[in-house]
Each structure stands twice: as C-alpha cells, then as structure tokens.
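Undergrad: Provided herewith is a single structure, encoded as structure tokens, for subsequent inquiry.
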Amino acid sequence: MATVIVLVLANSAVDAWRIHATASRLADVSEVSRDLFRAMANIRLNRSRAVRALNVEGQSTTNELAQIEQSRSVGMESLRSALRRLPTIAFPGREEAVRDLSRLADTLATLDQEAAADIRKPKRDRRPTLGRELQATTDALLDRIPRINESLDLIARGQDAVIDQLMMVKDAGWMIRSDFGDISATISNALAFKRHLEAPARQKLADSIARAAAGWDILDRIRFGLAPQSPATRAIETAKRSCFDPSFVAKRDRIAAMIGGGEPITVGASEWRSDSVPRLDLVAAIPETALDVARDHAQAQVAAARTNLVVSLALLIGALALAAGGLAIVSRRVIRPLQGIQGAMMKVADGDLSVEVPYHDRTDEIGSLAAALATFKQNALEKARIEAEQQKRRDQAGHRQQAIEHAIA
C-alpha cells in the first residue's frame, strides 16, 4: 500500500512539474511577445515621425520632438528588454534571429541619435541620406520582429485557452492599428506637404479605412467571452468609442475628400495629428493590453503551478519519510526479532539448548513465537534430562550386573 501511495504521489509531482514548466514557458513567451510588440509599435511610429521631421522644411515643434523622443525611447527600451529574454526561449532559428535583431537594434540606436540631432537643424544642414537609412533599418526590423513573434506564437498556441484568445485579440488589434496608422500617416503627409493624393494613393486610403472597419468587426467577434472588467475589454471599448466618434469620423472623411480632390488643402498636419495620434495610441493599447493580460494570466498560472508543485513534492517527501519510518519500525519491531528467534531456533535444532530465547517476554505475536520456541527448548531440556536419568539408571544396572557376575565367578 505504501508503495502504491508513493507511486501515485510521484506521478502527481511529475505532472505538477510539467504544468509548471509549461506555465513558465508561456509566461516567458508572453513577456517577450509583449516587449516585441511594444517595440514594433513604437519603432514604427518613430519611423513615421522621425522620417517626416527629417524631410520637411523647418524645425519640428516642441510637442513633435517630445513625441519622437517618447516613441524612440519606449521602442528601444522594449526591444532591449526582449533581447535580454529572447535567448532563454527555445524556438527554431533562435540564434540567427537574436543575432540579426541585436545588430539591427544597434544600427537603429546609432541612427536615432543622429536623427535626434539633425531634426533640430535646418533642412540644408541635415545629412541627406539619413532619412532613407532610418527608413531602411526600421523596415528591416519591422520585417524581422513579426517573424520572431510568429515563432513564439507557435510555442504558445494550444497551451492555454485564455492566452489563445488574448493572442487573437492582439493580432486583430495590431491589424486595426496598422490600418489606422496607414490612414493617419497618409493624411498627415498629404497635409504636411500640401499635396493631393493620386488615384492609387486615394484607393489605398479607402482600402485602409475599409480594412480598419472590418478589423473592428473581427475584434468584436474574437473578444466574445472576455470578462467585462478585463483590462483588454476596457481597452477595446475605449479605443472603439474614440475611433468611431462621429465628429472624428466626419473630420477624417472631410479631409480625405479634400486631399483626394481638387479643392485647396486648408487643414494643417498638426491639427490632424492632434486628433489622430491620441486615437492611434488608444488603438495601439489594445494589443499591448491583451499581451499584458496574457502575461499576468501566465504568471498567475506559474504561481498556481508552483504552489501545486511544492504541495506535491511535500506530500511525496512526507510519504517517503513515512514509508522509510514504517520500514525502520518494521525492521526494528518485526524483522530483527524474527531474525533473532530464527537464529535461536537453528541453535536449538542443532542441539544447543544453552542458547537464550530472545523476546519471550513480549506480549505480541513475536512474543508468542518466542514463547513457543522457549517451550520447545524447555521440552527438549526436559527430554534430555529424562534421557540422561534413564541412561544413568541403565549404567548403574549394568554395573550391578557386572558385580554379581564377578561375585558368582
């Protein structure tokens, strides 16, 4: 029975260890995915802001410079955080991915520093190719990061239903954010350069608006089942309410018609950005919040799995200790006494009746067995005594017979 209990508890401990390992892996993946996504969103935003600032005449406003610095610092900090954790997660092509990502991050950091200085200079004093280099490096990063995220998603998918749903929310939110970002950038650039859109650009803008609307429909279906008080639910509702605000939609459509037609462009880029950027930030918060919730859920699972593992190990150790204690008690109270009685029995069987029978004073079964051996020994001693007396009488009778015969002779 003790063996069965120990085996059951050992199997439970192994299962708890596996659950803990899976939960830990999901927590690491969620944390890195969150950092990579935050890096991707802010690096992309910084690309749009910094490249535009490098290409326009005049210097950026204090508010625009602050926005550029914020997106740059958050993006690079998140990227560095991901690079610290990424080598600890096993996925196909990890070494190459980490090496490329680190190289691109170093290049982008150098270009960002140069861009931060050049933006404050007159356009004629800026390095002409800096904007293109910044664009190319950012594009390379934005190509590499999603591929790493896909590899991480393959690790996480199918392991936890809550995380699976939150990952889908993240994907849908990023799709909306990408389309909203394209809408915002297209309109902002057209307003900044006072340039009307050509037919392909007009069609691309219309497609982005349609895809963003479809993305919201998809997101509404995916988020079904999320708790109303979940931060992810609140982020979705807040962003959707802001993006579908009637006054903003009317203004967007009016500006789209203005830059897509022949009428004069009378709205400034800064006016549009003051309306669109806060909404873009709210949309970007959807996937970030989903990843935050996924991370918190995974960490809660890790804590629960760790507790379960500790309890399972404690029970297993306790069972082993009880089993060991039981064996020690059995050995001391049963096995060793039986061995002692067996030894005494063998000596008695060999004729050594001087041996002391151990444990005959015990009141349990061992004592009964020892008492039986003591009785057997006593009977053997009595038999030996009787036989000795009989032999003595025979010897005495023989001596008397010899004496009589000697006297007659």
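The values are calculated or read from the model by the stated rules, or taken from the named source; none is laboratory data. Everything quoted here is computed from the prediction, not taken from an experiment. Methodologically, a virtual Cβ is constructed for each residue, glycine included, from the backbone with ideal geometry; neighbour enumeration extends over all protein chains shown.
Undergrad: When you scan region 19-26, do you find a residue that is modelled with pLDDT of 85 or more and either among the β-branched types (V, I, T) or buried (at least 20 other Cβ atoms within 10 Å of the Cβ) (or both), even just one? Explain how you work it out, then say what you get.
TA: Taking region 19-26 first, the residues modelled with pLDDT of 85 or more are none.
Taking every residue of region 19-26 in turn, none turns out to be modelled with pLDDT of 85 or more and either among the β-branched types (V, I, T) or buried (at least 20 other Cβ atoms within 10 Å of the Cβ) (or both).
This table checks each residue for (1) closer than 30 Å to L7 by Cβ; (2) at pLDDT below 75; (3) assigned by TED's automatic domain parsing to the domain that holds L7; (4) assigned to a helix (DSSP H, G or I).
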position	(1), (2), (3), (4)
L309	yes, no, yes, yes
A323	yes, yes, no, yes
I329	yes, no, no, yes
V334	yes, yes, no, yes
M346	no, no, no, yes
P358	no, no, no, no
S368	no, no, no, yes
A371	no, no, no, yes
K383	no, no, no, yes
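Undergrad: If L197 satisfies all but one of (1) assigned to a helix (DSSP H, G or I); (2) surrounded by 18 or more Cβ atoms within 10 Å (Cβ to Cβ), what's the number of the condition it fails?
TA: For L197, the exception is condition (1).
Undergrad: Given L154, L141, which one is in contact (Cβ under 8 Å) with a residue 60 or more places away in the chain, aliphatic (A, V, I, L, M), under 25 Å from P92 (Cβ atoms) and surrounded by fewer than 16 Cβ atoms within 10 Å (Cβ to Cβ)? Break it down stepwise before answering.
TA: On the way: L141 fails: surrounded by fewer than 16 Cβ atoms within 10 Å (Cβ to Cβ).
None of the other options fit; the residue is L154.
Undergrad: Among (1) touching an Asp or Glu at 6+ places or on another chain (Cβ under 7 Å); (2) basic (K, R); (3) surrounded by fewer than 12 Cβ atoms within 10 Å (Cβ to Cβ), there is one condition R84 misses while meeting the rest; what is its number?
TA: (1)
Undergrad: Sticking with this structure for a sec: For residues in region 255-307 being of a type in the set (S, T, N, Q) and assigned to a helix (DSSP H, G or I), which is nearest to A235 (Cα to Cα)? Full working, then the answer.
TA: The initial filter retains those residues of region 255-307 that are of a type in the set (S, T, N, Q), namely 266, 270, 274, 276, 289, 299, 301, 307.
Those left that are additionally assigned to a helix (DSSP H, G or I): 270, 274, 276, 289, 299, 301, 307.
Working: S270: 26, S274: 20, S276: 17, T289: 7, Q299: 21, Q301: 23, T307: 32 Å.
Going through the qualifying residues, I end up with T289.
Undergrad: In addition: Just checking, which of A213, A232 is small (G, A, S), part of a helix (DSSP H, G or I) and crowded, with 16+ Cβ neighbours inside 10 Å? Walk me through it before giving the result.
TA: Values: A213 fails: crowded, with 16+ Cβ neighbours inside 10 Å.
One residue alone meets the criteria, A232.
Undergrad: With (1) surrounded by fewer than 15 Cβ atoms within 10 Å (Cβ to Cβ); (2) touching a helix residue (DSSP H, G or I) at 6+ places or on another chain (Cβ under 6 Å); (3) not aromatic (F, W, Y) as the list, and E96 as the residue in question, which single condition is left unmet?
TA: Answer for E96: the failing condition is (2).
Undergrad: Right, here's the next one. State whether the residues of region 167-180 include one that is of a type in the set (A, V, I, L, M), surrounded by fewer than 21 Cβ atoms within 10 Å (Cβ to Cβ), closer than 24 Å to D275 by Cβ and in the same structural domain as S270 (by TED's automatic domain parsing). Can you show your working first?
TA: Initial filter on region 167-180 (of a type in the set (A, V, I, L, M)): 167-169, 172, 175-176.
Filter again for surrounded by fewer than 21 Cβ atoms within 10 Å (Cβ to Cβ), leaving 168, 175.
Among the residues that remain, those that are also closer than 24 Å to D275 by Cβ are: 175.
Narrowing the set further to residues that are in the same structural domain as S270 (by TED's automatic domain parsing) leaves 175.
Yes; the residues of region 167-180 include at least one that is of a type in the set (A, V, I, L, M), surrounded by fewer than 21 Cβ atoms within 10 Å (Cβ to Cβ), closer than 24 Å to D275 by Cβ and in the same structural domain as S270 (by TED's automatic domain parsing).
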